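Input: a single structure, listed below in structure tokens.
Bear in mind these aren't lab numbers, they're just calculated from the coordinates by the rules spelled out. Only a predicted model underlies this, so the values are computations on that prediction, with no experimental measurement involved. Heads up, the Cβs are rebuilt from the backbone with ideal geometry, glycines too, and the neighbour counts pull from every protein chain shown.
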Ligand SMILES: NC(=O)c1ccc[n+]([C@@H]2O[C@H](COP(=O)([O-])OP(=O)(O)OC[C@H]3O[C@@H](n4cnc5c(N)ncnc54)[C@H](OP(=O)(O)O)[C@@H]3O)[C@@H](O)[C@H]2O)c1
């Protein structure tokens, strides 16, 4: 039986664990003792691990073949510790963990920065526009740098995550009936949690390595998306004030063609509320 670790088992990890358990023995981690009981019901094993604890990381990786890194910063000030320190500690631990064959990391499309609405793909250089995105881009490089002949590293650049428990109406509902700054014509890139789970499982099964964008196929504009969500939920539409600058800082149309070329078939190619 293959052994797999979910390092940072929050929304993504919780959604993935049942799928991975169909074929693998899964260990899930948290930083908080209080979450252990919950994780014990989700995974075969649950442990408390902080990403900067080298000894704990070594022990976690012992006899494991697959690792998902899905840590998420609890606040903007914790980005460096959560992502970069975890990645560096992990790379050090991997040097003494020859059993590990694949690392999959959930990054973000925010590393592309503001592209004025142009299409970007995995060959587009990163252009972080703030410290958070810089840290995410550096984390990718640290992890990708650990790859070698018998260790594949796969970076997934995610759009905003939505789906069961994170419905679009929960994310955008407060904007119903409001006046929004800008035109709403910027691209918005989202990924449904079912496709996120599907792609992580696909990446593991097909031993993917390198960078893959993970967003839906059709990037709606923010206005189109909000109109759809509010119409579906019978809420008043937002209106747009073009005289004010947009609050969206990442305007890029992100292509998922590379993933589709690899053979993944999206369940939700277009962003749509699923209730
Ligand atoms: N949400 C989005 O729309 C979105 C978009 C793009 C990319 N992503 C990326 O997707 C990933 C997973 O997102 P999510 O929504 O599943 O996050 P989440 O629900 O916030 O879960 C994050 C997990 O990381 C753990 N963690 C936090 N700091 C840690 C540290 N220093 N060391 C080890 N573990 C740590 C947390 O531990 P506790 O159990 O103790 O809380 C939790 O289990 C993140 O990397 C995020 O950046 C998310």
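Yes/no matrix, rows are residues, columns are (1) under 22 Å from the mean Cα position of the chain (by Cα); (2) within 13 Å of the ligand (Cβ to nearest atom); (3) closer than 24 Å to residue 202 by Cβ:
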| position | (1), (2), (3) |
| --- | --- |
| 3 | yes, no, yes |
| 14 | yes, yes, yes |
| 22 | yes, no, yes |
| 33 | no, yes, no |
| 49 | yes, yes, no |
| 62 | no, no, no |
| 75 | yes, yes, no |
| 81 | yes, yes, no |
| 102 | yes, no, yes |
Task: Residue in region 51-60 that is farthest from residue 101 (Cα to Cα), counting only those that are more than 8 Å from the ligand (Cβ to nearest atom) and in contact with a strand residue (DSSP E or B) (Cβ under 9 Å, 6 or more places away or on another chain) - done: 56
- [ ] Report yes if residue 96 is more than 9 Å from the ligand (Cβ to nearest atom), touching a residue at least 24 places away in the same chain (Cβ under 8 Å), surrounded by fewer than 17 Cβ atoms within 10 Å (Cβ to Cβ) and within 22 Å of the chain's Cα centre (by Cα), otherwise no.
- [x] no
- [ ] Scan region 64-73 residue by residue and report those that are out of contact with any helix residue (DSSP H, G or I) (no Cβ under 9 Å at 6 or more places or on another chain) and either within 19 Å of residue 89 (Cβ to Cβ) or within 14 Å of the ligand (Cβ to nearest atom) (or both).
- [x] 64
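Per-residue answers, yes or no, for (1) within 24 Å of residue 98 (Cβ to Cβ); (2) touching a helix residue (DSSP H, G or I) at 6+ places or on another chain (Cβ under 8 Å); (3) assigned to a helix (DSSP H, G or I):
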| residue | (1), (2), (3) |
| --- | --- |
| 133 | no, yes, yes |
| 136 | no, yes, yes |
| 153 | yes, yes, no |
| 171 | no, no, yes |
| 183 | no, yes, no |
| 197 | no, yes, yes |
| 208 | yes, yes, no |
| 212 | no, yes, no |
Task: Index of the failed condition, residue 26 passing every other in (1) over 30 Å from residue 128 (Cβ atoms); (2) within 12 Å of the ligand (Cβ to nearest atom); (3) touching a helix residue (DSSP H, G or I) at 6+ places or on another chain (Cβ under 7 Å) - done: (2)
